[in-house]
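Enquirer: Starting off with a structure, shown below.
The values are calculated or read from the model by the stated rules, or taken from the named source; none is laboratory data. It should be emphasised that the depicted structure is a prediction, and the values quoted were computed from it without experimental measurement. Counting neighbours? That spans all protein chains shown, and the Cβs are built from the backbone with ideal geometry, glycine included.
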């Protein structure tokens with residue numbers, strides 16, 4: 001049966017009622033029903049010719065940087081050195097670039113660090129939330145037990161996303177990046193089994 005454009009299984013109905021049960025927000029599918037999310041999001045490998053979309057999403061303007069990213073994405077569908085990129089698509093259109101980083105020398109097996117870039121016009125639409133939810137499913141299917149992420153301390157939207165999808169706040173990374181001579185603190189989060 002369809003409910004506001006969302007497919008509902010008969011098992012989603014209360015056995016003693018006629019209507020649908022109140023959604024349990026503890027599961028991704030139920031949370032999507034509760035949020036009335038009808039757009040189709042998917043986390044997938046980049047397709048042919050899509051690498052430069054990632055460069056645009058990430059705001060890369062230097063040709064050398066754009067070509068380097070294109071080489072990383074186009075050369076290996078899995079991991080290129082310590083990096084792997086995934087496309088976040090909604091209704092078939094790439095709207096986000098998910099960067100995974102793992103270093104065999106400084107990270108144990110089953111651990112990766114994530115970066116999330118969402119197309120500016122798609123920010124605030126739930127895309128970042130879905131990206132992290134889908135990433136956790138992707139990671140578990142590949143035997144990862146821990147994903148780490150961080151965000152600049154002023155990025156309140158990303159902090160809300162981490163919290164919303166159940167990531168744990170782990171601490172402050174003091175002066176983690178320096179931009180134009182100004183030290184920036186980052187907040188560290190993780191999702192674990």
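Enquirer: Please work out which one of (1) out of contact with any helix residue (DSSP H, G or I) (no Cβ under 6 Å at 6 or more places or on another chain); (2) assigned to a helix (DSSP H, G or I) is the condition residue 129 fails and give its number.
Expert: The number of the failed condition is (1).
Enquirer: Quick one: which helices (runs of 4 or more DSSP H) sit completely within the range 10-90 and have at least 1 residues that are at pLDDT 90 or above and in contact with a helix residue (DSSP H, G or I) (Cβ under 7 Å, 6 or more places away or on another chain)?
Expert: So the answer is 51-57, 63-75.
Enquirer: Right, something else. Mind listing whichever residues of the range 103-123 are more than 25 Å from residue 60 (Cβ to Cβ) and in a strand (DSSP E or B)?
Expert: 111 - this is the single residue of the range 103-123 that is more than 25 Å from residue 60 (Cβ to Cβ) and in a strand (DSSP E or B).
Enquirer: Could you list, ordered by first residue, the pairs with Cβ atoms under 6 Å in which the first is in the range 127-142 and in the same structural domain as residue 160 (by TED's automatic domain parsing) and the second is assigned to a helix (DSSP H, G or I), at least 6 apart or interchain?
Expert: Pairs found: 128/161; 129/161; 129/164; 133/28.
Enquirer: Shifting gears a bit: Determine whether the range 167-182 contains at least one residue that is within 20 Å of residue 84 (Cβ to Cβ) and either at pLDDT 95 or above or touching a helix residue (DSSP H, G or I) at 6+ places or on another chain (Cβ under 8 Å) (or both).
Expert: Yes, that holds for at least one residue.
Enquirer: Out of curiosity, is residue 185 loosely packed, with under 12 Cβ neighbours inside 10 Å and either at pLDDT 95 or above or touching a strand residue (DSSP E or B) at 6+ places or on another chain (Cβ under 6 Å) (or both)?
Expert: no
Enquirer: Might you let me know whether the range 175-186 holds any residue that is closer than 21 Å to residue 126 by Cβ and in a loop (DSSP other than H, G, I, E, B)?
Expert: no
Enquirer: If you go through the range 148-156 one residue at a time, do you hit one that is under 13 Å from the mean Cα position of the chain (by Cα), surrounded by 12 or more Cβ atoms within 10 Å (Cβ to Cβ) and either closer than 16 Å to residue 84 by Cα or without any contact (Cβ under 8 Å) to a residue 24 or more places away in the chain (or both)?
Expert: Among the residues of the range 148-156, at least one is under 13 Å from the mean Cα position of the chain (by Cα), surrounded by 12 or more Cβ atoms within 10 Å (Cβ to Cβ) and either closer than 16 Å to residue 84 by Cα or without any contact (Cβ under 8 Å) to a residue 24 or more places away in the chain (or both), which makes the answer yes.
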